[in-house]
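These notes concern the structure reproduced below.
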Amino acid sequence: MAVKPGSGGDRDFVTIFKTGSVDRDDYPELAEHLLEGRTQLAAETGYLMKFGDISHRGLTPFDVASLHDVPAYPLPHAALASLPAHVRADLERDGAVQLFAAYDRDAHEFEDVALAWEEQDFLERLAELIAGDCSVHEAVDWVVVEEAERYAIGQWARIRDVTEDAVRSNINSAREKLLAEEDREH
């Protein structure tokens, strides 16, 4: 699904994440669910990609990966190779990235790639979250720790001179509000 991010242009919002194996004995229900929903036997690169809605922008890559109503597709080698070097490095380091890009489904290549957090001004994103029922503290903690991944919870708590539990609580509250908003939209 093509989305038009704030910077303009027809690009997809894409979440790419590393896959892992699921032990059928340890997680029988999850293994069954994955077998029912798969479109190919395996991801040739070890990564899957989901083309999401612009509303998914506020979710972490792992929250998007857990959305059952959004299909995941194996990331082909050509698509992985077409990502800019810094995006591939982030993907390798973090195991997941979110980006805006034009995806050529015939050539299996990404063009006009920008990491999702690069696409939007922080103040604009904070205003968007606050308008969506997050408190100022929830919005700031969410953007700094989860979306921009600028600081770990402990580092950010020390900078704000609050407890780690306070930051964690704000992040969890913001996540719940974003997921609830996502559910209302579907």
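The values are calculated or read from the model by the stated rules, or taken from the named source; none is laboratory data. Just so you know, these numbers come straight off a predicted model, no measurement behind them. Cβ placement follows ideal geometry from the backbone for every residue including glycine, while neighbour counts extend to all protein chains displayed. Only protein heavy atoms, including side chains, enter the accessible area calculation; ligands, DNA and RNA are left aside. Shrake-Rupley method; radii C 1.70, N 1.55, O 1.52, S 1.80 Å.
A few points about this structure:
- Theoretical FRET efficiency, 1/(1+(r/R0)^6), r = Cβ-Cβ of Glu149 and Arg184, R0 22 Å, to 0.05: 0.25
- Sum of side-chain charges, Ala96 neighbourhood, beta-carbon under 11 Å (Lys, Arg +1; Asp, Glu -1): -2
- Region 39-186 - percent of accessible surface contributed by carbon and sulfur, probe 1.4 Å: 52
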